[in-house]
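What follows is one structure encoded as structure tokens, with my remarks underneath.
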Amino acid sequence: MSDEKRNHVTAVCYVRAPLLLEPVDRQIETLQACESEGTIDDLLLRSWPKEVTRSSETPHGEVLETFERFERWAKRRGVSVQPPFRERTSTSQITGKTTELLVTPLLCLEVYVDEQLVGVFPHSEDEETYTTDEVIAALRTGERPTPLGAEPAARELSSDDTCPDCGGELIDGQGLFACSDCGWVGASTPSGEYVADPVQSADSVADTRARSAPINDPR
């Protein structure tokens with residue numbers, strides 16, 4: 001395939017720091033080799049702690065937002081990211097207060113092709129797991145990894161469908177999605193993610209809202 005027709009592949013690697021233990025160190029080295037060889041166009045490394053408090057007061061809000069994005073992707077695909085993520089509680093012997101914690105995996109990969117989310121790895125379906133070793137091996141050969149589960153089908157919006165910018169409610173206007181809070185406008189990709197449509201104007205947002213409102217809405 002020529003360079004002109006080749007898809008742009010971005011891999012985002014989330015890993016616990018420090019990066020000292022095998023096989024994590026080996027996996028990162030392989031991903032860096034993929035970037036050097038051109039089978040990955042961009043490799044982004046992100047570190048996170050072993051555990052994150054599930055609270056609005058946590059200093060690791062970005063980790064929780066990342067996990068919630070992974071959960072939404074997994075739900076649309078019909079797979080699970082728990083494990084590798086785990087949720088547990090911890091009770092202080094001094095205060096008796098119970099804290100909800102999110103335990104992060106040692107390493108997790110998010111793969112994009114032409115800015116569209118292909119998958120989150122590892123993930124599982126029933127008893128089968130798509131591991132990070134497997135996806136890294138696929139990327140090394142220049143393959144586009146195919147996640148487990150089914151391709152998201154056409155569906156109605158659920159309570160989990162929120163604006164990627166502000167988290168507000170999305171309105172479905174015949175394939176064009178608009179946020180009722182901030183005015184964001186975009187479309188849904190085959191992977192179930194929402195991407196912005198920069199050419200839409202404020203008039204388009206209003207038109208989308210008008211077309212999506214029920215005819216018998218008493219408002």
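The values are calculated or read from the model by the stated rules, or taken from the named source; none is laboratory data. Given the structure is predicted, the values throughout are model-derived calculations rather than measurements. Every residue, glycine among them, receives a Cβ derived from its backbone with ideal geometry; neighbour counts consider all protein chains shown. To get the accessible areas, we keep the full protein, side chains included, count just its heavy atoms, and leave off ligands, DNA and RNA. Shrake-Rupley method; radii C 1.70, N 1.55, O 1.52, S 1.80 Å.
Would you check which residues across region 76-99 are within 20 Å of residue 45 (Cα to Cα) and either open to solvent by 10 Å² or more (accessible area, probe 1.4 Å) or touching a Gly at 6+ places or on another chain (Cβ under 9 Å) (or both) and list them?
Of all residues in region 76-99, those within 20 Å of residue 45 (Cα to Cα) come to 81, 84-85.
Residue satisfying the conditions is 84 alone.
Which condition number does residue 46 fail, the rest of (1) touching a residue at least 24 places away in the same chain (Cβ under 8 Å); (2) more than 16 Å from residue 15 (Cβ to Cβ) being met?
(2)
Show the residue pairs that are 6+ apart or on different chains and have beta-carbon atoms under 7 Å apart, the first residue being within region 67-80 and in contact (Cβ under 8 Å) with a residue 24 or more places away in the chain, the second being of a type in the set (S, T, N, Q).
Hits for this filter: 73/191; 74/80; 79/124; 80/124.
Check region 147-164 and report whether any residue there is closer than 29 Å to residue 9 by Cα, touching a Phe, Trp or Tyr at 6+ places or on another chain (Cβ under 7 Å) and modelled with pLDDT of 85 or more. Spell out the reasoning first.
Residues of region 147-164 that are closer than 29 Å to residue 9 by Cα, as a first pass: 147-155, 157, 160-164.
Those left that are additionally touching a Phe, Trp or Tyr at 6+ places or on another chain (Cβ under 7 Å): 147-148, 163-164.
Keeping just the survivors that are modelled with pLDDT of 85 or more gives 147-148.
Yes, region 147-164 has at least one match.
Within region 78-97, can one find any residue that is within 20 Å of residue 35 (Cα to Cα), in contact with an Asp or Glu (Cβ under 7 Å, 6 or more places away or on another chain) and assigned to a strand (DSSP E or B)? Before the answer, list the steps.
At the first step, the residues of region 78-97 found to be within 20 Å of residue 35 (Cα to Cα) are none.
The answer is no; no qualifying residue exists.
State which residue pairs qualify: first residue free of Cβ contacts under 8 Å to residues at least 40 places away in the same chain and inside region 22-39, second residue assigned to a helix (DSSP H, G or I) and of a type in the set (S, T, N, Q) in any location, beta carbons under 6 Å apart, and separation of 6 or more residues or different chains.
If the second residue must be assigned to a helix (DSSP H, G or I) and of a type in the set (S, T, N, Q), no pairs are left.
I need the full set of residues from region 112-135 which are over 15 Å from the mean Cα position of the chain (by Cα), open to solvent by less than 10 Å² (accessible area, probe 1.4 Å) and of a type in the set (Phe, Trp, Tyr), in order please.
Once the filter is applied, which keeps residues that are over 15 Å from the mean Cα position of the chain (by Cα), open to solvent by less than 10 Å² (accessible area, probe 1.4 Å) and of a type in the set (Phe, Trp, Tyr), region 112-135 yields nothing.
Select, from 109, 64, 102, the only residue that is closer than 15 Å to residue 139 by Cβ, among the aliphatic types (A, V, I, L, M) and surrounded by 14 or more Cβ atoms within 10 Å (Cβ to Cβ).
Values: 64 fails: closer than 15 Å to residue 139 by Cβ; 102 fails: closer than 15 Å to residue 139 by Cβ.
Residue meeting the stated conditions: 109.
Every residue in region 81-117 that is β-branched (Val, Ile, Thr) and in contact (Cβ under 8 Å) with a residue 12 or more places away in the chain, please. Give the derivation first.
Here is the first cut: in region 81-117, the ones β-branched (Val, Ile, Thr) are 81, 89, 91, 94-95, 98-99, 103-104, 111, 113.
Within region 81-117, 81, 89, 99, 103, 104, 111, 113 qualify.
When you go through 22, 29, 35 one by one, which is the residue that is outside any strand (DSSP E or B), modelled with pLDDT of 90 or more, of a type in the set (D, E, K, R) and open to solvent by 80 Å² or more (accessible area, probe 1.4 Å)?
29
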